[in-house]
Structures are given as structure tokens and as C-alpha cells.
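J.: Below: one structure in C-alpha cells.
The values are calculated or read from the model by the stated rules, or taken from the named source; none is laboratory data. Quantities reported herein were computed from a predicted structural model and do not represent experimental measurements. All Cβ positions, glycine included, derive from the backbone under ideal geometry; neighbour counts span all protein chains shown.
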Amino acid sequence: MDEVSGPVIAIALILAAVFVPTAFIPGITGRMYQQFAVTIAVSVVISAFNALTLSPALSAMLLRPKSQSGGPLGKFYKLFNRGFGAATKGYTGACHFLIRKSLVAIIILGLFVAGTAFLGKSIPGSFLPEEDQGYFFVQAVLPDAASLERTEQVMKQVEGILRQTPGVDHVTGVSGVNFLSGVNTTYSGICFVTLKKWDDRKTPEEKYQAILKHANGAFTRVAGARVFAFSPPAIPGIGTSGGVTFVLQDRSGQELEFLAGNVGKFIAACQKRPELASVSTTFSPGVPQVFMDVDRDKVLKQGVELSSVYQTLQTFMGGYFVNYFNRFGRQWQVFVQAEGEYRTNAEQVGQFFVRNKSGGMVPLSAVAQPRAITGPEFTMRYNLYRSAQINASAAPGFSSGQAMEAMEEVFAQTMPQEMGFSYLGMSFQEKKASEGISPIYIFGLSLLFVFLILAAQYESWSLPFSVLLGTPVAVFGAFAALMVGKYENNIYAQIGLVMLIGLSAKNAILIVEFARMKYHEGMPLKEAALEGARLRLRPILMTSFAFILGCVPLAKAAGAGGLSRQVMGFTVIGGMLAASFIAIFLIPVLYYLVERMTGKRAEAAADSGPPP
């Protein structure tokens with residue numbers, strides 16, 4: 001216990017403190033970091049308490065000296081120990097060579113630092129991955145002012161396609177709703193598509209992205225409507241869809257035609273970008289409408305209240321809520337509206353009358369005349385500016401962050417100064433996270449906290465460098481694993497990278513602690529570094545393999561949240577493989593170099609001191 005209590009305490013403190021800087025990150029990003037921070041910190045503290053108290057007592061009770069095993073199992077043990085002994089000898093020989101050729105080790109470390117920087121820039125970044133949540137949406141948009149009957153026919157066709165799509169379990173269609181804009185229109189419809197359980201979707205064509213691709217391909221055969229499938233937001237309740245939700249704003253307050261022209265120009269330019277697979281808008285400036293032109297002079301001459309004219313038009317042609325009433329144990333609503341046959345066209349307004357001040361009845365056709373116009377179905381205001389919502393999805397091989405950058409570049413190239421832009425939903429959160437505290441600063445602050453804890457633990461400002469200088473190797477392994485798995489550098493990968501600081505420092509602490517102990521006992525520095533590496537190779541590999549094998553289910557996760565766990569699993573496994581098979585060759589060299597440099601400085605300071 002005298003030999004291992006120090007490393008156990010140091011490792012526990014590092015793994016608990018590495019997430020301390022994340023507690024000060026605001027917003028959704030900070031909340032997600034904090035959840036991991038609390039979970040890991042509490043579990044590590046309990047584990048350290050168990051290692052220092054319960055484990056030694058159990059070991060004294062259960063472990064007994066054993067005689068040499070015979071039979072096949074004994075032969076396996078002998079072969080394993082012989083092979084591991086040869087590997088240990090080769091490992092210490094390689095460490096001895098690198099200590100003798102320290103410049104080679106420094107060049108190797110520099111190459112890993114450069115490779116880490118290159119991979120970090122090459123991997124596309126995003127906020128949250130697009131998960132298989134077991135359902136998705138399908139929006140159908142017909143030509144402007146199309147009737148509800150046409151929409152229902154298209155929706156039946158869409159539902160038929162979806163029911164024939166592999167992996168789809170249930171389909172629920174609603175006509176007259178534009179889910180993206182939240183507006184009820186006769187020429188829109190939405191389908192809520194529920195997929196089969198994850199365990200029942202085994203074949204490649206039943207995977208989430210394959211289902212979306214198949215559905216969007218089949219929707220191209222639907223005549224007279226634009227139909228597309230899209231994912232729900234990564235966090236339920238934040239927005240209505242996945243992908244990118246871009247808001248184009250007219251910040252000069254000009255006429256509607258100015259915004260409409262710029263929206264068309266912007267979408268046409270976005271569709272030429274390879275980063276974007278699809279671009280659409282909920283903005284419809286040219287919907288056929290009927291404008292009821294009320295002649296106010298005639299209204300006054302007829303002795304009619306102007307409010308009565310508008311209320312009568314609304315009641316008979318649209319509908320007017322009266323009140324509630326209770327019946328049969330339920331609450332009912334009362335609406336007043338003309339029968340459908342009396343409001344099929346605007347000219348029938350003459351059938352309705354309004355009472356004037358003298359009690360006479362005046363037909364509405366005497367004071368109001370209908371005329372056909374075109375205009376927007378609705379006007380969106382965002383931050384008080386007249387705006388247009390634009391939905392886009394990233395092309396295969398590109399992340400949401402790259403799609404947002406592409407749209408911002410198009411905006412800068414095509415839009416005048418009077419126009420502005422913003423984001424909605426998850427895109428707004430992603431933009432806010434990118435403009436907040438950078439992951440590089442989080443990583444740097446975590447390294448700083450680990451450095452300070454190690455400095456306090458070892459009472460040295462130099463020794464922590466020999467522990468932390470191997471971290472770039474682990475980060476390189478994490479980025480390489482993300483590249484192999486074709487994953488994005490999202491928030492789950494960043495959480496895994498922060499975790500790797502503590503995990504990679506764990507291997508270095510095991511070597512440095514014992515090398516330092518041997519050095520203080522009088523062993524030469526080089527021999528102490530090699531002895532620490534030789535003695536701690538087995539524990540390092542044992543604990544690393546246990547952790548890596550425990551993370552394999554993460555890398556192979558499926559179902560709800562499976563992609564997030566895969567990203568974190570690949571990040572941690574790749575980093576630990578690099579730390580366990582590459583960084584362990586550099587740690588003895590780094591310890592040797594750091595101690596040698598600081599030792600020379602201490603001797604020089606002692607020699608230059610005042611005489612006794």
C-alpha cells in the first residue's frame with residue numbers, strides 16, 4: 001500500500017478534477033459537460049475509497065500463495081509469462097534506446113503534435129449527431145392555394161410509399177398543417193412516421209439513414225407536390241427539425257418584394273454548394289388570395305359600424321368563437337359559421353347582411369367588393385425583422401457545422417447590406433456553442449487543473465510535464481479513430497477528449513511515480529526510469545485493456561442514442577490504444593529529460609549560492 005497509495009490518490013484527483021473547468025461553461029454545452037463531470041467525479045471518488053480501504057482488506061482475506069499449476073492451464077501460464085517477459089524486455093530495450101537517442105524521441109513527439117493538429121482540422125465539426133430516435137417526419141407542400149382535397153390525395157400517396165418502405169412500422173398523416181412553419185394551410189401536410197424497434201431492423205436498408213434516403217428517392221415520383229423526409233431535433237423541444245434552420249432577415253424594413261427577391265437568390269446560390277443536400281423555405285410570397293375591399297365612405301353613409309362589417313365577414317366567411325358549454329360530462333365549444341355551400345366563392349358575400357343604426361339590414365356587397373391578389377400566406381417576424389425561414393440538410397460526408405459555414409459564405413457573397421441572418425432551434429444552439437468557450441480552451445483549462453494537482457502531489461513544478469507531455473499521443477489516437485469511423489468532432493467527442501487527459505495521465509503516473517521512488521532511493525536516473533517502466537508495464541496494460549474492453553459496447557452501441565455512444569467509444573478507445581502502445585515508450589524518456597534538466601538547474605543554483 002505504501003507504493004500504490006500515492007498513484008491511486010493522484011489518479012483519482014486527476015480524473016475528478018479534469019472536468020472542473022467544464023462547470024463554468026454556460027448553456028446547453030455546459031449542461032452536457034456537467035452531467036459527465038458529476039458522474040465521473042462521484043464514481044472515481046468511490047473507486048479510490050474502495051481501492052484504499054476495501055480492496056486491501058479483501059486481498060488479505062482472499063489471496064493465498066499458490067503452487068505451480070500443471071496441465072494445459074499451467075502450460076498456458078508459462079507460455080504467457082515467457083511471452084510477456086520477452087515483450088517487457090523488448091519494451092525496456094526500446095525505452096533505453098530512446099533515452100540514449102533523446103532527440104529521436106523529441107522528434108517523434110513533435111510529429112504526433114503536428115499530426116494531432118492536422119487531424120483536428122481535417123475532421124468536420126458539429127454540435128450533436130443526428131440520432132436514430134425511432135421516428136421521423138415527412139412534409140408535403142403542394143402549389144400555393146391548392147385545395148385540401150388535393151392535399152389529402154397526395155397524403156394518401158405519400159402514406160402508401162411510406163408503408164412500403166423497409167423498417168417503417170406506423171404512419172400517421174395530417175392534412176392542412178405545415179409542421180416546419182407552424183401554420184395551417186390547405187396546401188400542406190405532415191406525416192409522423194414510426195419505425196420498427198431497433199432490434200427488428202437488422203438489414204442495411206432498414207438503418208435510419210438508409211430509410212430516409214429511400215423515402216426521399218421515392219417521393220420524387222409524387223406528382224404535383226414537393227415531399228421530403230427530415231429528422232427530429234437532436235434534443236426534443238429545441239426546434240422542429242434536424243439539419244440547419246437558417247433565418248434570412250430584411251433589416252431595412254423594405255417592401256415584401258425585396259425580401260422575396262433575396263430569398264430566391266439566396267436559395268439558388270445555396271443549391272450550388274456541395275456541402276448542402278437540400279435547401280427549402282417556408283416563405284411563400286405569391287399565394288393567390290381574395291382581398292375584401294371595404295369602402296369606408298359607403299359604410300359611413302349607410303350608417304353601419306365599421307367593426308360590424310369586419311365581424312360579419314369573419315363570422316360567416318371564416319368562423320367566430322362564441323363560448324363553451326357543458327354537456328354529457330364534457331366541455332364543448334360553440335362556433336358560428338355559414339354553411340359550406342354559402343361560402344364557396346367570394347361573390348356570395350352579398351347573401352350576408354349587417355344591421356345599420358336605424359335597424360335596417362344592409363347587404364355586405366353594398367359596402368365591400370372582393371378582388372383577387374397575391375401575397376404571403378403568413379409573415380414571419382424574427383427579432384422584429386421581417387424574415388424567411390430556410391431549412392437545409394448537409395450532404396453526405398459533410399457536417400452541420402460545414403453546412404452552416406457554407407450558408408454564411410453564400411450570404412456574404414450574394415446578399416446586400418440591408419439583409420441579415422440568424423438561426424433557429426438546434427442551429428441556434430450550435431452557433432451559440434461555437435461562439436462561446438472554444439473546446440481548445442476547455443482542453444487547455446483541464447490540462448492546467450491536472451498540472452496544478454500533480455504539482456501539489458509531487459511538490460514539483462517540473463515533474464508534471466513528464467506526465468502531461470504524452471497527452472498529444474492520446475489525442476492523436478482519438479482523432480485517428482474518429483477518422484477511421486467517419487465520425488464528426490461533436491460535443492461527445494470533445495467530452496471523450498477531456499476524459500483522455502486523465503486516462504492518459506494515469507499511465508504516466510504509474511511509471512513516473514515508481515521511477516521517482518527508485519531515483520530518491522539512490523538509483524541512477526536512467527536506471528530509475530527504465531526500472532519504473534519495467535515494473536509498471538503489466539499494471540498499465542492490465543488496466544488499459546480492462547478499460548478499452550469495457551468501452552467496446554459503447555463503440556458498438558445501437559438504438560436510441562447509439563451514435564452518441566459510438567462517437568465517445570471510438571474517441572476513448574482510440575486515445576487509450578495510442579496511450580497504451582505508443583505513449584508508454586515516450587514517458588520514460590520525458591521523465592528522464594525533465595529530471596535531468598531540472599536537476600542541472602538545481603545544481604547550478606546551489607553552486608552559485610553564497611558561501612557558508
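J.: Exactly one of (1) part of a loop (DSSP other than H, G, I, E, B); (2) in the same structural domain as residue 562 (by TED's automatic domain parsing) is unmet by residue 127. Its number?
T.: (2)
J.: Could you tell me whether residue 146 is small (Gly, Ala, Ser) and in a loop (DSSP other than H, G, I, E, B)? Write out each step before concluding.
T.: On the way: small (Gly, Ala, Ser): yes; in a loop (DSSP other than H, G, I, E, B): yes.
It is true that residue 146 is small (Gly, Ala, Ser) and in a loop (DSSP other than H, G, I, E, B).
J.: For the subset of region 533-550 comprising residues that are of a type outside the set (A, V, I, L, M) and either modelled with pLDDT of 85 or more or out of contact with any Phe, Trp or Tyr (no Cβ under 8 Å at 6 or more places or on another chain) (or both), which member is farthest from residue 582 (Cα to Cα)?
T.: Within region 533-550, the subset of a type outside the set (A, V, I, L, M) is 534, 536, 538-539, 543-545, 547, 550.
Keeping just the survivors that are either modelled with pLDDT of 85 or more or out of contact with any Phe, Trp or Tyr (no Cβ under 8 Å at 6 or more places or on another chain) (or both) gives 534, 538-539, 543-545, 547, 550.
Working: 534: 15, 538: 15, 539: 16, 543: 16, 544: 13, 545: 14, 547: 17, 550: 20 Å.
This residue is 550.
J.: Tell me which of these residue 529 doesn't satisfy, since it passes every other one: (1) surrounded by fewer than 24 Cβ atoms within 10 Å (Cβ to Cβ); (2) closer than 16 Å to residue 594 by Cα; (3) at pLDDT 85 or above.
T.: (1)
J.: Show the residue pairs meeting these rules: Cβ distance below 8 Å; 6+ apart or different chains; first residue within region 133-153 and assigned by TED's automatic domain parsing to the domain that holds residue 210; second residue acidic (Asp, Glu).
T.: As it stands, the answer is 144/377, since those pairs meet every condition given.
J.: Assess whether residue 376 counts as being more than 30 Å from residue 485 (Cα to Cα) and either in contact (Cβ under 8 Å) with a residue 60 or more places away in the chain or not basic (Lys, Arg) (or both). Outline the logic, then answer.
T.: Numbers: more than 30 Å from residue 485 (Cα to Cα): yes; either in contact (Cβ under 8 Å) with a residue 60 or more places away in the chain or not basic (Lys, Arg) (or both): yes.
Spelling it out, residue 376 is indeed more than 30 Å from residue 485 (Cα to Cα) and either in contact (Cβ under 8 Å) with a residue 60 or more places away in the chain or not basic (Lys, Arg) (or both).
J.: Identify the residue in region 159-174 that is in contact with a helix residue (DSSP H, G or I) (Cβ under 7 Å, 6 or more places away or on another chain) and not small (Gly, Ala, Ser) and, among all such residues, is surrounded by the fewest Cβ atoms within 10 Å (Cβ to Cβ). Quick ask: steps written out before the conclusion?
T.: If we filter region 159-174 for residues that are in contact with a helix residue (DSSP H, G or I) (Cβ under 7 Å, 6 or more places away or on another chain), which is where we start, we get 161-162, 165-168, 171, 173.
From what's left, not small (Gly, Ala, Ser): 161-162, 165-166, 168, 171.
On the way: 161: 20, 162: 21, 165: 19, 166: 15, 168: 21, 171: 18.
Once the filter is applied, the top-ranked residue is 166.
J.: Also, I was wondering about something else. Residues to consider are 398, 428, 411; find the one that is surrounded by 19 or more Cβ atoms within 10 Å (Cβ to Cβ) and touching a residue at least 24 places away in the same chain (Cβ under 8 Å). If you could, list the steps in order and put the result at the bottom.
T.: Working: 428 fails: surrounded by 19 or more Cβ atoms within 10 Å (Cβ to Cβ); 411 fails: surrounded by 19 or more Cβ atoms within 10 Å (Cβ to Cβ).
398 is the lone residue from the list that is surrounded by 19 or more Cβ atoms within 10 Å (Cβ to Cβ) and touching a residue at least 24 places away in the same chain (Cβ under 8 Å).
J.: Evaluate region 256-266: report whether one residue or more is in contact with a helix residue (DSSP H, G or I) (Cβ under 8 Å, 6 or more places away or on another chain), over 20 Å from residue 396 (Cβ atoms) and modelled with pLDDT under 90.
T.: Checking region 256-266: not a single residue is in contact with a helix residue (DSSP H, G or I) (Cβ under 8 Å, 6 or more places away or on another chain), over 20 Å from residue 396 (Cβ atoms) and modelled with pLDDT under 90.
J.: Any chance you could count how many residues in region 517-531 are under 45 Å from the mean Cα position of the chain (by Cα) and free of Cβ contacts under 8 Å to residues at least 60 places away in the same chain?
T.: Initial filter on region 517-531 (under 45 Å from the mean Cα position of the chain (by Cα)): 517, 529-531.
Filter once more, so that each one left must be free of Cβ contacts under 8 Å to residues at least 60 places away in the same chain: 531.
Final tally of qualifying residues: 1.
J.: Something else about it: Checking the structure you have, find out if any residue of region 376-392 is assigned to a strand (DSSP E or B) and either among the charged types (D, E, K, R) or at positive phi (or both). So that I can check it myself, show each step before the final result.
T.: Narrowing region 376-392 to residues assigned to a strand (DSSP E or B): 380-382, 385-392.
Next, from what is left, pick out any that are either among the charged types (D, E, K, R) or at positive phi (or both): 381, 386.
The answer is yes; a qualifying residue exists.
J.: Filter region 405-426 down to the residues that are among the aliphatic types (A, V, I, L, M), in a loop (DSSP other than H, G, I, E, B) and farther than 21 Å from residue 180 by Cβ and list them by number. Steps first, answer last, please.
T.: The initial filter retains those residues of region 405-426 that are among the aliphatic types (A, V, I, L, M), namely 406-407, 410, 412, 415, 419, 424, 426.
From what's left, in a loop (DSSP other than H, G, I, E, B): 415, 424.
Within region 405-426, 415 is the sole residue that qualifies.
J.: Could you check, for region 312-324, whether at least one of its residues is in contact (Cβ under 8 Å) with a residue 40 or more places away in the chain, crowded, with 17+ Cβ neighbours inside 10 Å, of a type outside the set (Lys, Arg) and more than 30 Å from residue 141 (Cα to Cα)?
T.: Start the filter on region 312-324 by keeping residues that are in contact (Cβ under 8 Å) with a residue 40 or more places away in the chain, which leaves 312-313.
Still in the running and crowded, with 17+ Cβ neighbours inside 10 Å: 312-313.
Checking the rest, the ones that are also of a type outside the set (Lys, Arg) come to 312-313.
Subset that is more than 30 Å from residue 141 (Cα to Cα): 312.
Scanning region 312-324 turns up at least one residue that is in contact (Cβ under 8 Å) with a residue 40 or more places away in the chain, crowded, with 17+ Cβ neighbours inside 10 Å, of a type outside the set (Lys, Arg) and more than 30 Å from residue 141 (Cα to Cα).
J.: Does any residue of region 289-306 turn out to be closer than 27 Å to residue 178 by Cα and among the small types (Gly, Ala, Ser)?
T.: Step one: list which residues in region 289-306 are closer than 27 Å to residue 178 by Cα, which gives 289-292.
Subset that is among the small types (Gly, Ala, Ser): none.
No, that holds for no residue.
J.: List pairs: first residue in region 176-190 and assigned to a loop (DSSP other than H, G, I, E, B), second residue of a type in the set (Lys, Arg) anywhere in the structure, Cβ distance under 9 angstrom, at least six positions apart or on different chains.
T.: Every condition considered, the pairs that remain are 186/150; 187/150.
J.: May I ask you to list the residues in region 23-35 that are at pLDDT 75 or above and not aliphatic (A, V, I, L, M)?
T.: 29, 30, 31, 33, 34, 35
J.: Another question, then. Go through 574, 550 for me and flag whichever is under 21 Å from residue 447 (Cβ atoms) and assigned to a helix (DSSP H, G or I).
T.: 574
J.: Could I ask something else about it? Among the residues of region 197-221, write down those that are surrounded by fewer than 15 Cβ atoms within 10 Å (Cβ to Cβ) and part of a loop (DSSP other than H, G, I, E, B).
T.: 197, 202, 203, 220, 221
J.: Does region 129-137 contain at least one residue that is crowded, with 18+ Cβ neighbours inside 10 Å, under 17 Å from residue 178 (Cβ atoms) and among the hydrophobic types (A, V, I, L, M, F, W, C)?
T.: Yes, some residue in region 129-137 is crowded, with 18+ Cβ neighbours inside 10 Å, under 17 Å from residue 178 (Cβ atoms) and among the hydrophobic types (A, V, I, L, M, F, W, C).
J.: If I go through region 151-186 residue by residue, how many of them are among the small types (Gly, Ala, Ser) and under 25 Å from residue 382 (Cβ atoms)?
T.: Qualifying residue count for the region: 3.
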